[in-house]
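See structure below.
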Amino acid sequence: MSGTSPNDTSDMGLVVVGAAGRMGQALIRAIHTIPGARVAGAVERSGSAYLGKDAGELAGIGIINVPIGDDPLPAFAKADGVLDFTAPAATVEFAGYAAQARIVHVIGTTGCSDDDNARIAAAARHATIVKSGNMSLGVNLLAVLVEQAARALDADDFDIEILEMHHRHKVDAPSGTALLLGEAAAAGRGIQLAGNDVRSRDGHTGVRKAGSIGFAALRGGSVVGDHSVILAGTGERITLAHHAEDRAIFARGAVKAALWARGKKPGLYSMRDVLGLG
Ligand code: NAD
C-alpha cells in the first residue's frame, strides 16, 4: 500500500474509478495538468467496452501507460487516493475498499440514498473522505451566499425556490448541487431541509407553504450544470446563480480535494472544508 502521510512530498498517486465516464475522463485530464498528482490507476465496471484501453488516450491526452481495469483492489493497494464520480452502489463499495486500504476517497457521485450516506459515513471512520455534490469553487461560494441571504431574509416575506438544468443523460433529480444549495438555504433559516423541501409540483397543489424550499429540475441537451436560487418576496426577487460551462471545474476541484486530504485524519469532509469557506 502506498498510503498517505502528512510529510509525504512525492506525487500523490490517484486512481480514477469510472474512468471512461464523462467525469472520469475529465479527472484523468485534470490530474495530468496539476502538479503534485499522478494517475496511479483507472477502473471501470466489469463488462465495460473500455477495459484494456489506455486511460490517457481515451481522455484525449495521449498514452499514459495506465490501462483501464475492472478490479479496484490491486489499484487501490498501490495508490494514495481514489477519485470517484460513478454511481451510488459503486461508491458505497469503493468507500469500503478505500477504508481498508486507508487511502483518501474523494466522492463526487450524486443521488446517494440516506442508507448509502450512512455507509459512507461508517467508512469515514477509517478513511479520509471528501464528499460534495459539487466540487467547484463557484458553487461552494454560492452556497455560502445562499446561506447568508436565507438568514437575512425572513421566511414569512421571502420564498426560496431552486431551479436547475442539466444535460439529457443525467439520471438523478434534483441534482446533488441543488440539494447542496437547499441545505445551505435551510441552514440559513435554521431548519432541516428534510421535511421542508418540495421536490415537485403537479396538479392541484394548494397554496405555497410558508418556509418551504422548492425544487424544479429541467433536463436537455448538453448543459453541464445551471443552478439558480430565487428568493421571491412581494414586489422584488433576488436570484443567485451559477453556470458551469466545463466539467474541468469539478475535476480540478476533486484533485484539489485529494491533495488537501492527504495526511488528514480519517473523517467525512466537505468541499467547504477544502476551500476554507467554513
Ligand atoms: P457517466 O455515466 O458519464 O460516468 C459514470 C461512469 O462510472 C461510467 O463510465 C460507468 O461505467 C462507471 N461505473 C459505474 N459503476 C461502476 C463500477 N461499479 N465500477 C467502476 N465504474 C463504474 O456519468 P458522469 O456524468 O461522469 O457523472 C458521474 C457522477 O458524478 C453522477 O452521479 C453525477 O451526478 C456526478 N457529478 C458530480 C459532480 C460534482 O461536482 N460533485 C459534477 C459532475 C457530475
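The values are calculated or read from the model by the stated rules, or taken from the named source; none is laboratory data. These numbers come from a predicted model, not from an experiment. Note that each Cβ is placed from the backbone with ideal geometry, even for glycine, and that neighbours are counted across all protein chains shown. Heavy atoms of the whole protein, side chains included, go into the accessibility calculation; ligands, DNA and RNA do not. Shrake-Rupley method; radii C 1.70, N 1.55, O 1.52, S 1.80 Å.
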Boolean, Ala194 is touching a strand residue (DSSP E or B) at 6+ places or on another chain (Cβ under 6 Å), of a type in the set (Gly, Ala, Ser) and part of a loop (DSSP other than H, G, I, E, B): no
Scanning segment 24-56 residue by residue, those in contact with a strand residue (DSSP E or B) (Cβ under 9 Å, 6 or more places away or on another chain), of a type in the set (A, V, I, L, M) and in a helix (DSSP H, G or I) turn out to be Leu27, Ile28, Ala30, Ile31, Ala55
Failed item, numbered, when Leu14 is tested on (1) of a type in the set (A, V, I, L, M, F, W, C); (2) part of a strand (DSSP E or B); (3) surrounded by fewer than 17 Cβ atoms within 10 Å (Cβ to Cβ): (3)
Of the residues in segment 136-172, how many are under 14 Å from the mean Cα position of the chain (by Cα) and open to solvent by 50 Å² or more (accessible area, probe 1.4 Å)? 1
Restricting to segment 57-89, name every residue that is closer than 16 Å to Ile103 by Cα and part of a loop (DSSP other than H, G, I, E, B). Lys78, Ala79, Asp80
Keeping to segment 132-163, report how many residues are touching a residue at least 60 places away in the same chain (Cβ under 8 Å), within 23 Å of Ser200 (Cβ to Cβ) and within 11 Å of the ligand (Cβ to nearest atom). 2
Those residues of segment 108-131 which are touching a residue at least 60 places away in the same chain (Cβ under 8 Å), open to solvent by 40 Å² or more (accessible area, probe 1.4 Å) and over 14 Å from the mean Cα position of the chain (by Cα), in sequence order: Ala121, Arg125, His126
From Ser228, Ser212, which residue is farther than 17 Å from Val144 by Cα, touching a strand residue (DSSP E or B) at 6+ places or on another chain (Cβ under 7 Å), open to solvent by less than 60 Å² (accessible area, probe 1.4 Å) and hydroxyl-bearing (Ser, Thr, Tyr)? Ser212
Just the residues that are away from the ligand (no atom under 14 Å from the Cβ) and in a strand (DSSP E or B), please, taken from segment 244-278. Gly267, Leu268
Across segment 8-21, what is the total count of residues that are in contact with a Phe, Trp or Tyr (Cβ under 8 Å, 6 or more places away or on another chain) and farther than 14 Å from Glu57 by Cα? 3
I'd like the full set of residues that are touching a Ser or Thr at 6+ places or on another chain (Cβ under 8 Å) and surrounded by fewer than 16 Cβ atoms within 10 Å (Cβ to Cβ), limited to segment 78-94. Lys78
Answer yes or no: is there a residue in segment 52-74 that is closer than 30 Å to Val229 by Cβ and open to solvent by less than 30 Å² (accessible area, probe 1.4 Å). no
Scan Gly263, Gly221, Gly267 and give me the residue that is modelled with pLDDT under 95, out of contact with any strand residue (DSSP E or B) (no Cβ under 6 Å at 6 or more places or on another chain) and at positive phi. Gly263
May I ask you to verify whether Ala185 is more than 26 Å from Ser113 (Cα to Cα) and modelled with pLDDT of 95 or more? no
If I filter segment 231-243 down to residues being assigned to a loop (DSSP other than H, G, I, E, B) and in contact (Cβ under 8 Å) with a residue 60 or more places away in the chain, which single residue comes out as surrounded by the most Cβ atoms within 10 Å (Cβ to Cβ)? Gly233
